[in-house]
Amino acid sequence: MTETHNTDIIIIGAGPVGLFAVFELGLLDLRCHLVDILDKPGGQCAELYPEKPIYDIPALPVCTGQELTDRLMEQIAPFDPVFHYGQMAESLVRLPDGSWQLTTSDAVSICAPVLVIAAGGGSFVAKRPPLDNLDAFEATGGVQYAVRQRDALAGKHLVIAGGGDSALDWTVNLVDLAASVTLVHRRDDFRGAPDTVAKMRALVDAGIVNLAIGQLKGLDGDAAGKLSHVLVQSAGAEAPTAIAADVLLPFYGLTMKLGPIADFGLNLEKNLIPVDTERFETSTPSIFAIGDINHYPGKLKLILSGFHEAALM
């Protein structure tokens, strides 16, 4: 039997932007139901970097992804949002009265006049390095794609791979905890925030962080899958260098998949949803898109930009 609900707004995605939308809509006395494929709120913040420091939230000099999620949940509690966790937004139908009926993968039916898509980039999986023996070390925790428990890395030899913000942020923020930190990148040029790049280079100059310029070539460990070394091939070197490691943290970004949202009849542009910047409405009236999933000239994929979009929407 299908479980049916009626509400004012359906929000797909319970990440920070979707949660803040609940607050803005609540101020207008509009009730929200949220659907998220994860089993908890917070989206990427809670799932991929719950303990990673975030520095660009107004009035909060620093907070973790989990702290941000907790504060947002506290902020929206007075508006009694209803969450449908662990479910995918599977199908969308326009009803005769012009409203929308969303059906989830658990056969939950939600009807509302307005749909807001705040699904980040859709469902997401970490990009894996092309190493032959990766599976065995993933299973034992020798290779991890997110820092979910920072304290679990205490006293360990860490190799962090990547040249973007996540790799640099964790390099800077794990040195006080780990036995050693080695940053591996294919070239001596980084895509992260200039301030974080400068902090990383200062740590390298001080001998606190090791910097290896080269490509990941392999992993060594025992038959039980316990990691012992990461092999890095530097340009011009005859053989790879073996770097002692208990954990490899590859931060090569995420592969985003829209899933069923791609079948909602919206005009997609490179798997993103174009919107107008007056109301953040899509090509389909009464469907809005906010956060990383939308696209418009000058778009910045920042949480604070998503908050701004939620307010205007």
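The values are calculated or read from the model by the stated rules, or taken from the named source; none is laboratory data. All figures in this text were calculated on a predicted structure; none of them were measured in a lab. Cβ atoms come from the backbone with ideal geometry, glycine included; neighbour counts cover every protein chain shown. What goes into the accessible areas is simple: the full protein's heavy atoms, side chains included, and nothing from ligands, DNA or RNA. Shrake-Rupley method; radii C 1.70, N 1.55, O 1.52, S 1.80 Å.
Brief remarks on what is shown
- For the residue pairs K127/K226; K217/K270; K199/K226; K199/K270; K40/K301; K40/K199, the alpha carbons lie more than 27 Å apart in K217/K270; K199/K226; K199/K270; K40/K199.
- The DSSP beta bridges internal to the chain are antiparallel in roughly 45% of cases.
- Per residue, the chain exposes 47 Å² of accessible surface when a 1.4 Å probe is rolled over the protein heavy atoms with every protein chain present.
- Fully extending the segment from N210 to K156 would add 18.0 nm, taking 0.36 nm per residue of separation and subtracting the current Cα-Cα distance.
- Residue-averaged [θ]222 nm for the chain, counting only DSSP H segments that reach four residues, each worth -39500 (n - 2.57): -6000 deg cm²/dmol
- Most to least packed among 178-190, 51-63 [average Cβ atoms within 10 Å]: 178-190, 51-63
- Counting protein heavy atoms only, the stretch 95-237 has 50 percent of its accessible area on carbon and sulfur, 1.4 angstrom probe.
- With every protein chain in place, the stretch 1-77: carbon and sulfur % of accessible area (1.4 Å): 55
- With the highest mean first, a sort of the peptides 228-238, 35-45 on other beta-carbon atoms found within 10 angstrom per residue produces 35-45, 228-238.
- One chain, two ends: E138 and S234. Fully extended at 0.36 nm per residue, the span grows by 32.1 nm beyond their Cα-Cα distance.
- Counting only Cβ charges, +1 for Lys and Arg and -1 for Asp and Glu, the dipole size of the stretch 47-97 around its Cα centre is about 100 debye.
- Zone residues, the stretch 5-30, relative to S109, backbone N less than 14 Å from point 7 Å out along Cα-to-Cβ: 5-7
- Protection proxy ranking of 99-111, 129-141, 9-21 - average other beta-carbon atoms within 10 Å, highest first: 9-21, 99-111, 129-141
- Under 5 Å between amide hydrogens, built in the peptide plane, is the criterion, and for L34 it picks out I11, V82, F83, H84 among residues at least 5 positions away or on other chains.
- Full-extension gain in nm, L304 to T4, via 0.36 nm per residue minus C-alpha separation: 104.6 nm
- Near V209, once Lys and Arg are set to +1 and Asp and Glu to -1 for all other residues with Cβ below 11 Å from its Cβ, the sum equals +1.
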